[in-house]
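The values are calculated or read from the model by the stated rules, or taken from the named source; none is laboratory data. From a predicted model like this one, the values you see are computed outputs, not experimental measurements. Here the Cβ positions follow ideal geometry from the backbone for every residue, glycine too, while neighbour counts run over all protein chains shown. For the accessible areas, the whole protein counts, side chains as well, though only heavy atoms, and no ligand, DNA or RNA atoms are used. Shrake-Rupley method; radii C 1.70, N 1.55, O 1.52, S 1.80 Å.
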Protein chains: 2
Amino acid sequence: MVLTGVTSKAIRKGGAEPPLAPGTFRIYNMRFCPWAEKAMIYVAAKGIDAEVINLNVTDKPEWYFSKHYQGKAPAIEHDGKIVIDSGFIPEYLDDAFPETRILPTDPYEKAQQKLLADRLTAVAHAVPCLFAVMRDRSLKDEKQAKVFEVLKMAEELLTDDFYAGSTPGFPDYVSFPFFEKIWWSASLDGVVDLPTSSFPGVEQYPKLTRWFSSLLESDAVQSVTQSIRDGAEFMNAYATHGELNYDLGL
Amino acid sequence: MVLTGVTSKAIRKGGAEPPLAPGTFRIYNMRFCPWAEKAMIYVAAKGIDAEVINLNVTDKPEWYFSKHYQGKAPAIEHDGKIVIDSGFIPEYLDDAFPETRILPTDPYEKAQQKLLADRLTAVAHAVPCLFAVMRDRSLKDEKQAKVFEVLKMAEELLTDDFYAGSTPGFPDYVSFPFFEKIWWSASLDGVVDLPTSSFPGVEQYPKLTRWFSSLLESDAVQSVTQSIRDGAEFMNAYATHGELNYDLGL
């Protein structure tokens, strides 16, 4: 698997569309966006050779609206076809590249993994609680209680090494970025009482802590993710309506 | 296709679980719920022989929590397997009964139809606007503006006879129940200025009006839907926190 352009600078308004070589599989990404990261991890886990185009989604390049009607990341483009939205890209990739299928072929098992991933979207819904604390530390106790509740649910739903079973699969890859955003937040002073080492904590969440560490260290995640320092800085700027540096860490 | 039990009385708390004959495909339904209706229409459109169990989801039968952890409708049960949630049942049915596949087999076309269905969930999100007007008629102008906006978007997204193309398909079947809920609401006095005959109106929404009429008259919809009178009465009772008669019209 070769991902090129992972560390390329974000293209902003006025920036030209990079020429797309025939046969190239391209993914439009935003380096700190968990939804884009879902698609990036899936592409990496499937071992697809891909060209990554990083975008500035505040000042979006004009040409990108011809790819995605709202100008959002992620989107993928190959063979003249564009598929948008992290909610649809992973399954599309399994359908289009069945030889590296991640979802089970059995209809029932596939439906169960999708349902599990759906229940884990509660983690994504908890992330705005942390944004609120980044803006106002006095909200910490109230907001982190919600985060702990969601982590407790995630711990209970984890009945094997991974949500997909003995190896990582669909529910693991598509939910990981949101757990990672909580981890990033934990590195900011006074936002949430969770450890950054052995996250989210062996005492309260023993299974989830092994799971998070295993996913974080996997090749798929390592090949597409950002450092906790850059991630936390970007999230904090986003939450507090500060200036966003899309090229942080490059 | 034989759907049995469509007009069976709703089972409530204390009611026994009907014995499931081996090989029977069963669907747990709530007659006035648009999410359950998505699954019901899909089952009907695929021509699956199914036993319908109607539920009272206010006073849920205890045994039903062993089928669905939240006790919600819809769920399907066959061959000892249970799949819950209208967001997953249609695709599961296409995977489990590929001989009557409704979604395209081509990965790109399939993804596009799912994306279109996802954009049409804006219609579902507009339905609570009508509940608000049912509770307080003074909100009509403000709330119906949102409904008209969504219908306008739906009109623009309809570029063929159906969202799926020249024949009804996935985006048509899974979005229809929410358009139908707006239609039901239009029959209540002073809720929304839309006609109940030639809904939502040939002047403003010519393509959508043909589409709605065609879907409404289809065998799949006719075999599972309720009358506009009963539907409107149930919706109004739901919106105004009145007593819900799950057996209305039986």
Study note, to complete from the structure: Given the conditions (1) under 17 Å from B:Pro177 (Cβ atoms); (2) surrounded by 22 or more Cβ atoms within 10 Å (Cβ to Cβ); (3) among the aromatic types (Phe, Trp, Tyr), every one holds for B:Tyr92 apart from (1)
Exercise for review: Go over the candidates A:Pro128, A:Pro171, A:Pro177 one by one and state the one that is open to solvent by 30 Å² or more (accessible area, probe 1.4 Å) and either away from chain B (no Cβ under 14 Å) or at negative phi (or both).
Suggested key: A:Pro128
Point to revise | helices (runs of 4 or more DSSP H) contained in region B:149-250 and holding at least 2 residues touching a strand residue (DSSP E or B) at 6+ places or on another chain (Cβ under 9 Å) and within 14 Å of B:Glu37 (Cα to Cα) | key: B:170-186
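Somewhere in region A:136-147, is a residue more than 17 Å from A:Ala117 (Cα to Cα) and touching a strand residue (DSSP E or B) at 6+ places or on another chain (Cβ under 8 Å)?
Step one: filter region A:136-147 for residues more than 17 Å from A:Ala117 (Cα to Cα), giving A:136-147.
Within this subset, residues satisfying the condition of being touching a strand residue (DSSP E or B) at 6+ places or on another chain (Cβ under 8 Å) are none.
No, that holds for no residue.
Give the residues of region B:74-88 that are modelled with pLDDT of 95 or more and either over 12 Å from B:Val43 (Cα atoms) or acidic (Asp, Glu) (or both), sorted by residue number.
Passing the criteria: B:Glu77, B:Lys81, B:Ile82, B:Val83, B:Ile84, B:Asp85, B:Gly87, B:Phe88.
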Exercise for review: Quickly run through region B:199-217 and pick out the residues that are surrounded by 15 or more Cβ atoms within 10 Å (Cβ to Cβ) and in contact with a helix residue (DSSP H, G or I) (Cβ under 8 Å, 6 or more places away or on another chain).
Suggested key: B:Phe199, B:Pro200, B:Gly201, B:Tyr205, B:Lys207, B:Leu208, B:Trp211, B:Phe212, B:Leu215, B:Leu216
Study note, to complete from the structure: Note on region B:1-46: residues of a type outside the set (Lys, Arg) and part of a helix (DSSP H, G or I) are B:Pro34, B:Trp35, B:Ala36, B:Glu37, B:Ala39, B:Met40, B:Ile41, B:Tyr42, B:Val43, B:Ala44, B:Ala45
Practice item. Please enumerate the residues belonging to region A:116-172 that are under 30 Å from A:Pro98 (Cα atoms) and of a type in the set (Lys, Arg). Key: A:Arg119
Practice item. Among the numbered conditions (1) open to solvent by 50 Å² or more (accessible area, probe 1.4 Å); (2) under 30 Å from A:Arg12 (Cβ atoms), tell me where A:Asp106 comes up short. Key: (2)
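Which strands (runs of 3 or more DSSP E) does region A:47-105 wholly contain that include 1 or more residues that are within 11 Å of chain B (Cβ to nearest Cβ)?
Correct list: A:75-78, A:81-84.
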Exercise for review: Considering each residue of region B:85-100, count those that are within 15 Å of the chain's Cα centre (by Cα) and closer than 25 Å to A:Met153 by Cβ, and give that number.
Suggested key: 5
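When you check B:Ala111 against the structure, is it more than 30 Å from B:Pro19 (Cα to Cα), open to solvent by less than 10 Å² (accessible area, probe 1.4 Å) and more than 14 Å from every other protein chain (Cβ to nearest Cβ), yes or no?
Values: more than 30 Å from B:Pro19 (Cα to Cα): yes; open to solvent by less than 10 Å² (accessible area, probe 1.4 Å): yes; more than 14 Å from every other protein chain (Cβ to nearest Cβ): no.
No; evaluated as a whole, the condition is false for this residue.
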Check your understanding: Which one of the conditions (1) within 29 Å of B:Ser185 (Cα to Cα); (2) crowded, with 23+ Cβ neighbours inside 10 Å does B:Ala50 fail to meet, given that it meets all the rest?
Key -> (1)
Exercise for review: Return only the number of the condition from (1) open to solvent by 30 Å² or more (accessible area, probe 1.4 Å); (2) modelled with pLDDT of 95 or more that A:Met30 does not satisfy.
Suggested key: (1)
Review point. Taking the stated definitions as given, is B:Pro90 under 19 Å from B:Asn245 (Cβ atoms) and not basic (Lys, Arg)?
Key: no
**Study point:** A:Leu20, sole failed condition from (1) in contact with a helix residue (DSSP H, G or I) (Cβ under 8 Å, 6 or more places away or on another chain); (2) without any contact (Cβ under 8 Å) to a residue 60 or more places away in the chain; (3) open to solvent by 10 Å² or more (accessible area, probe 1.4 Å)
**Key:** (1)
Review point. Is it true that A:Lys110 is basic (Lys, Arg) and in contact with a Leu (Cβ under 6 Å, 6 or more places away or on another chain)?
Key: yes
Practice item. Could you tell me whether A:Ile41 is touching a residue at least 12 places away in the same chain (Cβ under 8 Å) and more than 10 Å from chain B (Cβ to nearest Cβ)? Key: yes
